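The values are calculated or read from the model by the stated rules, or taken from the named source; none is laboratory data. All values derive from a computational prediction rather than experimental measurement. FYI the Cβ positions are ideal-geometry reconstructions off the backbone, even for glycines, and counts take in every protein chain you see. Each accessible area value is taken on the protein alone, full model and side chains, heavy atoms only, with ligands, DNA and RNA left out. Shrake-Rupley method; radii C 1.70, N 1.55, O 1.52, S 1.80 Å.
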2 protein chains.
Amino acid sequence: MRQFNVAVVGATGAVGQEILKVLEERNFPVRELRPLATARSAGRVVYFKGGAYTVEETRPESFEGVEIALFAGGAASKEFALAAKERGALVIDNSSAFRLEPDVPLVVPEVNPEDVKWHKGIIANPNCSTIIMVVPLKPIYDAAGIKRVVVSTYQAVSGAGAAAIKELEAQTRAVLSGQEYPPQVFPYQIAFNLIPHIDVFQELDYTKEEWKMVKETRKIFHDDSLSITATTVRVPVIRCHSESVNVETKEKLTAKEAREILSRAPGVVVVDDPAAKKYPMPILAYDKDEVFVGRIRDDNSLDKGLNLWVVADQLRKGAATNAVQIAELAIKYSCVK
Amino acid sequence: MRQFNVAVVGATGAVGQEILKVLEERNFPVRELRPLATARSAGRVVYFKGGAYTVEETRPESFEGVEIALFAGGAASKEFALAAKERGALVIDNSSAFRLEPDVPLVVPEVNPEDVKWHKGIIANPNCSTIIMVVPLKPIYDAAGIKRVVVSTYQAVSGAGAAAIKELEAQTRAVLSGQEYPPQVFPYQIAFNLIPHIDVFQELDYTKEEWKMVKETRKIFHDDSLSITATTVRVPVIRCHSESVNVETKEKLTAKEAREILSRAPGVVVVDDPAAKKYPMPILAYDKDEVFVGRIRDDNSLDKGLNLWVVADQLRKGAATNAVQIAELAIKYSCVK
């Protein structure tokens, strides 16, 4: 079986660390691993399959001989993705830099796997909140069509990186001791608080995070008629995102039918037994690859509607796992140079 | 000016303590204060206007001579509200026991003050999440009509009482130290977690909390045609509730118009300046009486729709303040015996 030279860009960050774990767990066919990061993190050591690797600073030449380059996100993508692509690597990019480019596929393997085939050197990994929402929306879309989605998110701090996790923990300790801990990663205190502001504000006073959920979902479904409105909120949770999703379908789909369809859907685990107090929660999704769906209800306010409560590990399916799954698909479809 | 003998039932709990504070702050015309609680809390001391009061066990006779009885909520209402009423007290009840009774007004002073007038001895205080939502919905309802509301809540632990606040704090300390802290008040760990389950499950797998937001809102607005669907979620926040509210209006109302209308609305404070990172958050609403509204946006998925982000102190406007405001209205309308 063919093996690949794999670069992980941002290998010391929250997503990069998770990519290394996922590559190892899934026994990804790695011939040579090249962990890369900013100058600040170069020299640090990361671990993969029992071996210790010294992280090198990312430079254009770092991608010589690399066949698959997994970019964890952030500024490195704009700076180095084209350099990696020019050197023949298939770039799988977790940043938002290329997601809406017409010549870049945006892929969630459970939803639009075939889009991997037409890549031109870069495949984009969607925003974490988008991935987590579209996995359960797909079987509903196929069964009944979707007219409109109203989504409110409850996003963990991990979405803002490893420093954000440290900030939540340290700030929570401080608040419990009656001490000050000025925010550095977030605009305000996140301990015991909520911040209805993720990424920058854009048109109509929606944040970029909110527009991502609209625009990326349309691209993944190849359906510009999909109506989606989003409110995205940071919550004091460490690493799993949750979403309250209201779906207006084109055809009637009962909660019972939706539960059955979702139970058979790839990448979805239905946890929905109110009598037994079973529903998805961040503490249950931690370190899991699936998207957990529960609180599946007929919308009492609408003839053709459903309410869902969706939870998934933002660092796994929301980032690292989805990226590695894309790489696996590219190998399966023989579209790695 | 007439003064009143006032009983506070549940005076040692989270809401009861807040009622005492609000009575004092608003200089409520108290002649004699009678703090009551369960046998377990009897004998404890509470403070009011510099005086120390020993809490007595609630009994039917406790209400002899009482003119206004503020019930903080819980089981005491079903047990003693009728006894208080029979003795001539005006009962203002924060429990869910009487809210949907046809002969009991359910009042939010900014929305339906006149309903106080037809009370028959009991006036119900709505559920906290309902109060916080209807205060900003009222001016929108009056200006443009409301067809449908999709609401997702982010509810603080204070809604589950003083023991719940202690549980969040102690459990958070334990989790940060890698220790176990089995849940007692909540069905699962709430520290760094979310629980999409508040109150018991009822028809269509909605919780009672979710149905309260539907049924109480219709009663307060005297409009059974109002379509509302709710998903209620407990979050690790100490005492302010937040809500992501999507409103479909009957007539077009732009975000700009909504912002202007809400700025003039009683009990509402608009905090909505994205460029300056101004939006409502739990830490800003703490100990305040107003409902804070921000992230006011035209719904990008609908011709006539708005998104709002609403935050208020659950123990203040969500409970104690609203109850005391009802008592003030009853005095103003001369409908206290």
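Which residues of segment A:286-307 bury at least 10 Å² of accessible area once all protein chains are present, versus their chain alone (1.4 Å probe)?
A:Arg295, A:Arg297, A:Asp298, A:Asn300, A:Ser301, A:Leu302, A:Asn307
Kindly report, to the nearest 10 Å², the accessible surface of A:Trp211 as traced by a 1.4 Å probe over protein heavy atoms only.
30
With the other protein chains left in place, how much accessible area per residue, in square angstrom, belongs to the protein assembly as shown at a 1.4 angstrom probe?
Values: 24740 Å² over 674 residues.
I get 37 Å² per residue for this part.
Just reorder A:Lys85, A:Lys78 by solvent-accessible area, largest first, 1.4 Å probe, all chains present. Don't jump to the answer; show the numbers that get you there.
Numbers: A:Lys85 70, A:Lys78 160 Å².
Of A:Lys85, A:Lys78, the descending order of accessible area is A:Lys78, A:Lys85.
Just A:Gln179, A:Gln155, A:Gln189 to compare: in a GNM of chain A, with alpha carbon springs under 10 Å, which one fluctuates most?
A:Gln179
Can you list, shortest first in nanometers, how far B:Asp224 lies from the same residue in the other copies, with each label 7 Å from Cα toward Cβ?
Spacings between copies for this position, smallest first, are 4.6 nm.
Do any residues of segment A:214-258 show a loss of at least 10 square angstrom of accessible area between the isolated chain and the full protein assembly, using a 1.4 Å probe, and if so which?
At a threshold of 10 Å² (probe 1.4 Å), the residues of segment A:214-258 that become less exposed are A:Ser227, A:Ile228, A:Thr229, A:Thr231, A:Val233, A:Val235, A:Pro236, A:Val237, A:Ile238, A:Ser244, A:Asn246.
Rounded to the nearest 20 Debye, what is the dipole magnitude of chain A about its Cα centre when Lys and Arg each give +1 and Asp and Glu each give -1 at the C-beta? Write out the running numbers ahead of the final one.
Values: 42 positive and 44 negative charges, 87 e Å.
Value, rounded to 20: 420 debye.
Can you list the trypsin sites (Lys or Arg not before Pro) in segment A:9-58 that are in a DSSP coil and have 16 or fewer other beta carbons within 10 angstrom? Walk me through the numbers on the way to the answer.
Details: sites: A:Lys21, A:Arg26, A:Arg31, A:Arg40, A:Arg44, A:Lys49; in loops: A:Arg26, A:Arg40, A:Arg44, A:Lys49.
Loop-located and lightly packed - A:Arg26, A:Arg40, A:Arg44, A:Lys49.
Specify the inter-centroid distance of segment B:244-306 and segment A:25-98, based on alpha-carbon positions, in whole Å.
43
Protein chains only, probe 1.4 Å: how do A:Leu70, A:Leu284 rank by accessible area, largest first? Please report the intermediate quantities before stating the final value.
Numbers: A:Leu70 0, A:Leu284 80 Å².
I get A:Leu284, A:Leu70, largest accessible area first.
Which of the GluC sites (Glu not before Pro) across segment A:64-139 are loop residues per DSSP, with 15 or fewer other Cβ within 10 Å?
Values: sites: A:Glu64, A:Glu67, A:Glu79, A:Glu86, A:Glu110, A:Glu114; in loops: A:Glu64, A:Glu67, A:Glu110.
When the GluC sites (Glu not before Pro) of segment A:64-139 are filtered for loop state and at most 15 Cβ neighbours within 10 Å, A:Glu64 remain.
So which residues in segment A:260-285 end up with at least 20 square angstrom less accessible surface once the other protein chains are there, compared with the chain by itself, probe 1.4 angstrom?
SASA drop of 20 Å² or more in segment A:260-285: A:Pro274, A:Lys277, A:Tyr279, A:Met281, A:Pro282, A:Ile283.
Which links in A:Lys304/B:Lys78; B:Lys138/B:Lys215; A:Lys21/A:Lys332; A:Lys304/B:Lys317 stretch past 27 Å when you go from one Cα to the other?
Correct reply: A:Lys304/B:Lys78; A:Lys304/B:Lys317.
Using only the Cα atoms of segment B:12-61, construct the convex hull and provide its projected area averaged over every direction, in square nanometres to one decimal.
Projected over every direction and averaged, the Cα hull of segment B:12-61 covers 3.6 nm².
Counting only helical runs of four or more DSSP H residues, what would the 222 nm mean residue ellipticity of chain A come to if each run contributes -39,500 (n - 2.57) and the total is spread over all its residues? The partial results should precede the final answer.
On the way: 8 runs with 95 residues, N = 337.
After summing the helix terms and dividing by the residues of chain A, the value is -8500 deg cm²/dmol.
Whole-Hz Karplus ³J(HN,Hα) for segment A:239-244, in order, using 6.51 cos²θ - 1.76 cosθ + 1.60 and θ = phi - 60°, x for Gly and Pro?
8, 10, 8, 10, 9, 9
Could you give the distance between the Cα centres of segment A:124-199 and segment B:110-172, to the whole Å?
Going from one Cα centre to the other spans 25 Å.
What does the accessible area of A:Thr58 come to, in Å² to the nearest 10, when a probe of 1.4 Å is used?
Counting only protein heavy atoms, the figure is 10 Å².
Output, in nm with one decimal and in ascending order, the distances from the B:Pro102 label point to the matching label points of the other copies (7 Å from Cα along Cα-to-Cβ).
Sorted ascending, the copy-to-copy spacings read 6.4 nm.
Report relative contact order for segment A:221-337 in percent, whole number only (criteria: Cα-Cα under 8 Å, sequence separation at least 6). Don't skip to the end; give the middle numbers.
Numbers: 174 pairs, mean separation 33.4, N = 117.
Computed over segment A:221-337, the figure is 29 percent.
What percent does the relative contact order of chain B come to when contacts are Cα pairs within less than 8 Å and at least six residues apart? Don't jump to the answer; show the numbers that get you there.
Values: 758 pairs, mean separation 62.1, N = 337.
With pairs under 8 Å counted, the relative contact order is 18 percent.
Determine the percent antiparallel among the DSSP beta bridges restricted to segment A:130-314, to the nearest 5. If you can, show how the numbers build up before the last one.
Details: 25 of 34 bridges.
Bridges in segment A:130-314 are about 75 percent antiparallel.
Using only protein heavy atoms and a 1.4 Å probe, how much accessible area in total is buried between A and B, to the nearest 100 Å²?
Working: alone 15030 and 15030 Å², together 24740 Å².
Buried surface at the A/B interface: approximately 5300 Å².
Provide the percentage of antiparallel DSSP beta bridges, counting only those with both residues in the protein assembly as shown; round to the nearest 5.
Among the beta bridges of the protein assembly as shown, antiparallel pairing accounts for roughly 50 percent.
Over segment B:130-314, what is the relative contact order in percent, taking alpha-carbon pairs closer than 8 angstrom and at least six residues apart?
Details: 379 pairs, mean separation 53.1, N = 185.
For segment B:130-314, the relative contact order is 29 percent.
Summarise the accessible area of the protein assembly as shown (1.4 Å probe, protein heavy atoms) by the percent that is carbon and sulfur. Each step should come with its number before you reach the end.
Working: 12190 of 24740 Å².
On the protein assembly as shown, the fraction of accessible area on carbon and sulfur atoms equals 49 percent.
Keeping every protein chain in place, order B:Tyr141, A:Tyr206 by accessible area at 1.4 Å, biggest value first, i.e. largest first. Don't skip to the answer; put the middle values down first.
Values: B:Tyr141 55, A:Tyr206 5 Å².
Descending order: B:Tyr141, A:Tyr206.
Sequence-distant or interchain residues sharing an amide H contact under 5 Å with B:Leu90, placed H: which?
B:Ile68, B:Ala69, B:Lys337
Please sort by residue number the GluC sites (Glu not before Pro) in segment B:235-337 whose DSSP state is loop and whose Cβ has at most 11 other Cβ atoms within 10 Å. Intermediate values should be presented prior to the final figure.
Numbers: sites: B:Glu243, B:Glu248, B:Glu251, B:Glu257, B:Glu260, B:Glu290, B:Glu328; in loops: B:Glu251, B:Glu290.
Within segment B:235-337, the qualifying GluC sites (Glu not before Pro) (loop, at most 11 other Cβ atoms within 10 Å) are B:Glu251.
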